[in-house]
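In what follows, a single structure is set out as structure tokens and then discussed.
The values are calculated or read from the model by the stated rules, or taken from the named source; none is laboratory data. This is a predicted model, so every value here is computed, not measured. When we count neighbours, we look across all protein chains shown, and the Cβ atoms used for this are built from the backbone with ideal geometry, even at glycine. Note: accessible area is taken over every heavy atom of the protein model, side chains too, but ligands, DNA and RNA are not part of it. Shrake-Rupley method; radii C 1.70, N 1.55, O 1.52, S 1.80 Å.
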Protein chains: 2
Amino acid sequence: MIDRNGSTGSFDGVHRRNLARILGLAHLEGPLSRARITALTGLNRSTVASLAGELIELGLVEERAPDPTNRVGRPSPVVAAHPGVVAVAVNPEVDAVTLAAVGLGGRIDARERIEVDDLVTPERTALLVADAIRRWREGDLAHARFAGVGLAVPGLVRAADGLVRFAPHLEWRDAPVREFVEEATGLPASVGNDASLGALAEHLFGAGRGVDDLVYLNGGASGIGGGLVVHGRAVGGHSGYAGEFGQNRPGIAAPEDRRADGGVLEDEVGRARLLEALGLRSADEPTLADAIRSAVDAGDPAIAAELDRQRRILATALANAVNVLNPSLVILGGFLATLAEQDPDAIRAAVAAQAMPAAMEDVEVVVAALGEDRLMIGAAELAFARLLDDPLSVAG
Amino acid sequence: MIDRNGSTGSFDGVHRRNLARILGLAHLEGPLSRARITALTGLNRSTVASLAGELIELGLVEERAPDPTNRVGRPSPVVAAHPGVVAVAVNPEVDAVTLAAVGLGGRIDARERIEVDDLVTPERTALLVADAIRRWREGDLAHARFAGVGLAVPGLVRAADGLVRFAPHLEWRDAPVREFVEEATGLPASVGNDASLGALAEHLFGAGRGVDDLVYLNGGASGIGGGLVVHGRAVGGHSGYAGEFGQNRPGIAAPEDRRADGGVLEDEVGRARLLEALGLRSADEPTLADAIRSAVDAGDPAIAAELDRQRRILATALANAVNVLNPSLVILGGFLATLAEQDPDAIRAAVAAQAMPAAMEDVEVVVAALGEDRLMIGAAELAFARLLDDPLSVAG
DNA sequence: CCGTATTTGTTGCGCTTGACCGCATATCGA
DNA sequence: TCGATATGCGGTCAAGCGCAACAAATACGG
């Protein structure tokens with residue numbers, strides 16, 4: 001109740017937390033010397049040595065010969081996450097299921113995109129995952145240790161049990177996909193919302209590294225999702241549904257900017273309206289971005305007006321978020337990144353015009369950095385969570 | 001950098017944290033038996049006894065004879081926050097400065113409201129505080145230990161150094177009021193935004209007790225402010241300006257509902273427009289509430305329409321917050337509470353109509369519980385923060 | 001090529017602290 | 001009055017981290 005962390009307040013708790021801190025550093029910061037770990041954690045040299053040794057015995061990290069560092073003094077061994085520890089990341093989508101084996105540190109060891117004709121069911125997703133793991137185990141990843149499976153699902157996921165409450169495009173409703181995957185693979189599985197996991201990935205490994213308060217918005221084919229980081233932690237909310245910016249209703253200053261009566265953000269700001277303005281039927285992300293660039297370069301007034309309109313409305317939604325959350329960073333992904341890249345200062349200026357000046361002082365608006373690996377890395381993080389939180393939990 | 005808490009990860013850290021946990025329990029839960037502390041913390045009986053003894057020696061808690069508990073077994077001594085430990089809470093406002101001496105546990109030992117004719121300056125505020133402390137020290141609180149001063153300021157407060165960036169109604173701009181108070185009183189001082197501190201108080205002692213994810217909105221004379229609690233912690237944002245709901249621009253579905261062109265939430269939803277609909281010039285909070293009740297009971301259509309209009313717009317703003325933060329509780333204070341109490345289910349229904357159904361499942365909308373003491377308790381919490389975080393920091 | 005300064009790993013020791021155990025004590029019910 | 005239950009208290013134990021001394025590995029200067 002008050003006690004957050006099992007055995008906090010006891011020696012065991014200290015030990016576990018210190019192990020977790022070192023493993024976390026190896027995971028997030030990449031390979032780093034024991035000396036650097038000592039500096040970053042404030043622990044004693046001897047303590048770091050002993051903890052690192054314990055992590056080595058657990059098979060979670062390995063020590064390499066020191067990097068040649070042109071500095072005086074005895075060189076310090078480099079501690080790195082063990083390459084044999086991998087998580088399975090899964091992203092079921094309308095047209096395909098993407099799977100990846102992701103190592104600690106965010107290294108992607110294998111990646112597959114399995115196209116599907118019909119909508120994939122939760123049961124079939126589980127089978128595809130089990131099948132991929134079997135193939136990987138017979139191939140390059142024969143000696144890998146699979147820590148678990150993380151699923152990034154485009155829909156609402158209940159945090160308590162990983163139940164997919166509703167994924168409109170997949171037509172999943174109250175789908176216990178976590179249990180299906182655990183049964184099919186024998187591995188622990190976790191489920192999260194795709195945009196929230198994207199936010200997590202950008203926070204840990206992308207444009208939001210080291211930023212403790214950020215807002216992430218992603219424009220996908222199916223709408224606008226997002227995620228928050230507050231106090232350096234991803235925000236799930238009470239049930240795990242936090243971050244649904246697409247369902248917000250921002251103010252629309254000019255009535256002629258409104259397209260959908262009583263509509264929400266993703267009715268007004270969306271790929272479909274951009275495609276329409278371009279006269280295209282459909283396009284994937286890079287194609288759309290190229291088409292927009294060409295049209296703007298050619299001086300097409302229709303696309304310029306539509307871009308401006310969407311930017312204005314997006315800016316109001318972002319200003320609302322800035323006022324409430326006072327982040328230091330706003331990250332835009334998907335077609336929202338395209339919207340922003342087209343005129344990098346325009347978005348920030350439009351937000352600044354509507355948000356409190358003080359809150360805007362330290363806000364940067366940037367484009368997401370991780371590209372298509374984002375969801376795989378976020379999903380893997382979910383699968384690694386238990387291990388990173390308590391490395392001893394995997395001890396045999 | 002990684003290490004949040006000074007000496008976390010060492011024995012000293014464990015000891016300090018355990019002391020802080022017990023003091024925190026006595027502070028937040030009120031007097032409680034050693035047995036209950038043992039149960040709540042998971043610490044060993046002997047450990048609790050030793051830690052409690054240490055806190056007694058520090059003069060922070062005291063032990064009383066056991067409460068008569070009609071149960072078998074040896075009765076357990078009751079641990080309570082020491083009544084002699086107090087914080088000074090200050091709330092400078094346009095017409096008056098309110099001061100209070102608040103004990104651990106939220107008990108208010110003294111309270112003064114000093115009316116001012118002209119706007120109070122930061123310098124004068126500091127003198128008023130020092131003066132009040134002097135009087136208290138000569139009176140009932142002769143033996144009290146003043147832990148510090150907490151100021152709840154109606155304006156933007158920079159978290160890093162407590163600088164009041166801008167308090168429009170007080171006409172303070174970049175006011176180093178914290179330093180003024182520290183110089184005048186010789187006590188450590190902290191400054192926070194009034195609405196954020198109200199949210200903190202409601203979270204710790206009011207309608208939001210035990211709730212880890214909540215949104216608080218307060219309607220004051222000067223506008224709408226608010227605060228958030230995420231992961232059980234108050235949200236300040238990067239610079240401390242978080243919670244400014246009043247500056248948001250929610251969608252307004254019916255154009256005829258709009259009153260201010262290009263206005264923000266507090267231009268549309270405000271006391272002034274309620275007073276106008278009632279034909280009143282000014283009124284304090286209870287008077288306004290009474291007037292609204294009477295008018296509604298009398299079937300006044302103008303006030304009913306205005307209440308409905310404000311509720312609709314407020315509901316959109318709340319729905320936006322619910323979608324993004326997925327709280328389990330929304331707390332309304334000030335005239336927003338009046339707005340809600342008038343028709344308790346109407347607000348929730350209006351929010352539910354515009355927020356995601358799943359996110360609304362577990363949301364309760366309630367009225368603030370603490371009344372006029374809210375800001376004093378929140379400000380005192382600020383002053384107690386250091387002590388509660390590390391009880392040993394006050395050791396001589 | 002060698003000595004010195006610098007940095008870091010290693011080792012053993014000691015301190016701190018919470019868990020555990022046994023016994024004394026306090027209350028209630030029979 | 002006695003047994004059952006639950007707690008307090010003191011002592012002992014075990015575990016983990018810091019510390020200090022020593023050893024090892026590197027750069028630099030002569």
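Residue pairs whose Cβ atoms lie under 7 Å apart, sitting 6 or more positions apart in sequence or on different chains, and linking a residue in region A:73-93 that is of a type in the set (Lys, Arg) to a partner that is away from DNA strand D (no atom under 16 Å from the Cβ) and outside any strand (DSSP E or B), do not occur here.
In the set (1) touching a Leu at 6+ places or on another chain (Cβ under 6 Å); (2) within 12 Å of DNA strand C (Cβ to nearest atom), the condition left unmet by A:Val90 is number (2).
Evaluation of B:Ala142 against the conditions (1) in contact (Cβ under 8 Å) with a residue 24 or more places away in the chain; (2) open to solvent by 10 Å² or more (accessible area, probe 1.4 Å); (3) in a loop (DSSP other than H, G, I, E, B) shows that the sole unmet condition is (1). When A:Ala358 is tested against (1) open to solvent by 40 Å² or more (accessible area, probe 1.4 Å); (2) free of Cβ contacts under 8 Å to residues at least 24 places away in the same chain; (3) within 14 Å of chain B (Cβ to nearest Cβ), only condition (1) is not met. The condition of being closer than 30 Å to A:Arg233 by Cα, open to solvent by less than 20 Å² (accessible area, probe 1.4 Å) and at the interface with another protein chain (Cβ under 10 Å from one of its Cβ atoms) holds for only one of B:Val330, B:Val351, B:Val324, that being B:Val324. Take A:Leu197 and tell me if it is open to solvent by less than 30 Å² (accessible area, probe 1.4 Å), under 20 Å from the mean Cα position of the chain (by Cα), hydrophobic (A, V, I, L, M, F, W, C) and more than 12 Å from chain B (Cβ to nearest Cβ). Criteria met by A:Leu197.
Any residue at all in region A:61-74 that's open to solvent by less than 30 Å² (accessible area, probe 1.4 Å), farther than 30 Å from A:Thr185 by Cβ and away from DNA strand C (no atom under 11 Å from the Cβ)? No, the conditions are met nowhere in region A:61-74. Please verify whether region A:370-378 includes one or more residues that are on the phi > 0 side of the Ramachandran plot and within 20 Å of the chain's Cα centre (by Cα). Yes: region A:370-378 contains one or more residues that are on the phi > 0 side of the Ramachandran plot and within 20 Å of the chain's Cα centre (by Cα). On the stretch given as region A:21-71, residues that are facing chain B (nearest Cβ under 10 Å), among the small types (Gly, Ala, Ser) and within 28 Å of the chain's Cα centre (by Cα) total 1.
So B:Arg45 clears everything in (1) closer than 25 Å to B:Gly148 by Cβ; (2) among the charged types (D, E, K, R); (3) in contact with a Lys or Arg (Cβ under 9 Å, 6 or more places away or on another chain) except one condition, right? Which one? Against the list (1) closer than 25 Å to B:Gly148 by Cβ; (2) among the charged types (D, E, K, R); (3) in contact with a Lys or Arg (Cβ under 9 Å, 6 or more places away or on another chain), B:Arg45 comes up short only on (1). Considering A:Gly219, A:Gly237, the condition of being small (Gly, Ala, Ser) and more than 8 Å from chain B (Cβ to nearest Cβ) is satisfied by A:Gly219 alone.
Take A:Ala132 and decide whether it is open to solvent by less than 20 Å² (accessible area, probe 1.4 Å), within 16 Å of DNA strand C (Cβ to nearest atom) and more than 14 Å from chain B (Cβ to nearest Cβ). Criteria not met by A:Ala132.
Only one of the numbered conditions (1) outside any helix (DSSP H, G or I); (2) within 12 Å of DNA strand C (Cβ to nearest atom); (3) open to solvent by 50 Å² or more (accessible area, probe 1.4 Å) is violated by A:Ala35, and that is (1). Just one of the numbered conditions (1) β-branched (Val, Ile, Thr); (2) assigned by TED's automatic domain parsing to the domain that holds A:Gln247; (3) within 24 Å of A:Leu104 (Cα to Cα) is not true of A:Val215: (3). Screening region B:362-380 for residues that are charged (D, E, K, R) and part of a helix (DSSP H, G or I) and picking the one that is most open to solvent (accessible area, probe 1.4 Å) gives B:Glu372. Is it the case that A:Ala80 is away from DNA strand C (no atom under 14 Å from the Cβ), open to solvent by less than 30 Å² (accessible area, probe 1.4 Å) and either modelled with pLDDT of 95 or more or closer than 26 Å to A:Ala201 by Cα (or both)? Answer is no for this residue. Any residue that is surrounded by 24 or more Cβ atoms within 10 Å (Cβ to Cβ), in contact (Cβ under 8 Å) with a residue 60 or more places away in the chain and more than 30 Å from A:Tyr241 (Cβ to Cβ) - is there at least one of those in region B:154-166? Within region B:154-166, one or more residues are surrounded by 24 or more Cβ atoms within 10 Å (Cβ to Cβ), in contact (Cβ under 8 Å) with a residue 60 or more places away in the chain and more than 30 Å from A:Tyr241 (Cβ to Cβ). Return yes when A:Glu115 is touching a residue at least 12 places away in the same chain (Cβ under 8 Å) and outside the structural domain of A:Arg45 (by TED's automatic domain parsing) and no when it is not. The answer is yes for A:Glu115. The single condition among (1) free of Cβ contacts under 8 Å to residues at least 40 places away in the same chain; (2) surrounded by fewer than 23 Cβ atoms within 10 Å (Cβ to Cβ); (3) not hydroxyl-bearing (Ser, Thr, Tyr) that A:Leu388 does not satisfy is (1). Within region A:38-52, the only residue that satisfies the criterion of being of a type in the set (Gly, Ala, Ser) and open to solvent by less than 30 Å² (accessible area, probe 1.4 Å) is A:Ala52.
Of all residues in region B:255-283, those being farther than 14 Å from B:Arg311 by Cα, in contact with a helix residue (DSSP H, G or I) (Cβ under 9 Å, 6 or more places away or on another chain) and away from chain A (no Cβ under 14 Å) number 9. Reported count of residues in region B:75-117, each being outside any strand (DSSP E or B), over 27 Å from B:Leu32 (Cα atoms) and within 17 Å of the chain's Cα centre (by Cα), is 1.
Residues of region A:233-276 that are hydroxyl-bearing (Ser, Thr, Tyr) and either crowded, with 23+ Cβ neighbours inside 10 Å or modelled with pLDDT under 95 (or both): A:Tyr241 alone. Hey, can you tell me all the residues within region A:19-38 that are free of Cβ contacts under 8 Å to residues at least 40 places away in the same chain and within 13 Å of DNA strand D (Cβ to nearest atom)? A:Arg21, A:Thr38 - these are the residues of region A:19-38 that are free of Cβ contacts under 8 Å to residues at least 40 places away in the same chain and within 13 Å of DNA strand D (Cβ to nearest atom). Just to be sure, is B:Glu202 surrounded by 18 or more Cβ atoms within 10 Å (Cβ to Cβ) and not assigned by TED's automatic domain parsing to the domain that holds B:Ala101? So B:Glu202 fits the description; yes. Among the criteria (1) away from DNA strand D (no atom under 13 Å from the Cβ); (2) part of a loop (DSSP other than H, G, I, E, B); (3) outside the structural domain of A:Phe146 (by TED's automatic domain parsing), the one A:Val120 does not fulfil is (3). Of the strands (runs of 3 or more DSSP E) entirely within region A:155-230, those holding at least 3 residues that are closer than 26 Å to A:Leu387 by Cβ occupy A:189-193, A:223-230. Residues in region B:311-326 include at least one that is under 25 Å from the mean Cα position of the chain (by Cα) and in a loop (DSSP other than H, G, I, E, B).
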